[in-house]
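Q: One structure is given below, represented as structure tokens, and several questions about it will come after.
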């Protein structure tokens, strides 16, 4: 089954960008922001799981925003190691209620997960994963954030042994697990440092032999079952280079209790 709205995402982003760039006239000015940059990370660890073949990762980004709407692209490309990987994501988000809440749709794409680079293939063994999320950004009085995400189509399908799922049925649980992820965060400042403490968990549970539409033993994208998969803290600050430029740096200590993994990361942003 074709997911019509997912195929529209790249076209929507291109159209939206074109309108912003060319719709400005002398009488009507459209005010929008353009942002681009890149992070260089010692490792690519996302929601408690390491990607990128145990190698440093270059992570470029570009985005366009107009009022409360933002669209953009983000990528991750490992630069060494025996098993290099790559990722290219498109996203669109909308912030509302005085910036308290954000809803976001992300189309994750993993070229190395497919036999050929067929970006517009949203069927069968697609390299896409579509996710929708809702975020409470916190306030001055409530310095906590809470986010919830769920996969809604694509390569969220389980793989059993050497027999990958060849056909994804988007109508029921067969071929997609609706993997979910929740995260609670706390942000504060310590002198000239920004501190973010976070705890991420999943509520997916392993399928049982009584579930005829599921896959026995599968438990979701993030772990072996319900539990905490991402726990840690991130410290960040800006190092002054010139009077007009500061270099943002970050360091994270992350553990995945369910997988019994620990990571210490360092990153530079440009």
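The values are calculated or read from the model by the stated rules, or taken from the named source; none is laboratory data. Model, not experiment: these values are computed from the prediction. Virtual Cβ from ideal backbone geometry, glycine too; neighbours counted across all protein chains shown.
Q: Taking the condition closer than 23 Å to residue 133 by Cβ and at pLDDT below 95, does residue 94 pass? Walk me through it before giving the result.
A: Values: closer than 23 Å to residue 133 by Cβ: yes; at pLDDT below 95: no.
No; evaluated as a whole, the condition is false for this residue.
Q: Is it the case that the stretch 153-160 has a residue that's at pLDDT 90 or above, within 24 Å of residue 228 (Cα to Cα) and buried (at least 17 other Cβ atoms within 10 Å of the Cβ)? Step through it out loud before you land on a result.
A: In the first step, residues of the stretch 153-160 are kept if they are at pLDDT 90 or above; the result is none.
The answer is no, given that none of the residues of the stretch 153-160 is at pLDDT 90 or above, within 24 Å of residue 228 (Cα to Cα) and buried (at least 17 other Cβ atoms within 10 Å of the Cβ).
Q: From the set of residues in the stretch 31-67 that are without any contact (Cβ under 8 Å) to a residue 40 or more places away in the chain and assigned to a loop (DSSP other than H, G, I, E, B), which is nearest to the chain's Cα centre (by Cα)?
A: Out of the qualifying residues, it is 52.
Q: Next question. Go through the stretch 119-149 and count every residue that is in contact (Cβ under 8 Å) with a residue 40 or more places away in the chain, buried (at least 17 other Cβ atoms within 10 Å of the Cβ) and in a loop (DSSP other than H, G, I, E, B).
A: 4
Q: Go through the residues of the stretch 201-217 one by one and say whether even a single one is surrounded by fewer than 16 Cβ atoms within 10 Å (Cβ to Cβ), over 20 Å from the mean Cα position of the chain (by Cα), modelled with pLDDT of 95 or more and not in a loop (DSSP other than H, G, I, E, B).
A: no
Q: Let me ask something additional. Please work out which residue is surrounded by the most Cβ atoms within 10 Å (Cβ to Cβ), limiting yourself to the stretch 251-270 and to residues that are under 17 Å from residue 187 (Cα atoms) and over 18 Å from the mean Cα position of the chain (by Cα). Walk me through it before giving the result.
A: Narrowing the stretch 251-270 to residues under 17 Å from residue 187 (Cα atoms): 251-254.
Now drop any that are not over 18 Å from the mean Cα position of the chain (by Cα), which leaves 251, 253.
Working: 251: 15, 253: 13.
Once the filter is applied, the top-ranked residue is 251.
Q: Would you call residue 186 closer than 13 Å to residue 131 by Cα and either at pLDDT 85 or above or part of a strand (DSSP E or B) (or both)?
A: Details: closer than 13 Å to residue 131 by Cα: no; either at pLDDT 85 or above or part of a strand (DSSP E or B) (or both): yes.
Judged against the criteria, residue 186 is not a match.
Q: On to the next question. Residue by residue through the stretch 68-87, note down the ones that are assigned to a loop (DSSP other than H, G, I, E, B) and at pLDDT 90 or above. Step through it out loud before you land on a result.
A: First pass over the stretch 68-87, keeping only residues assigned to a loop (DSSP other than H, G, I, E, B): 68, 79-85.
The one that is assigned to a loop (DSSP other than H, G, I, E, B) and at pLDDT 90 or above: 68.
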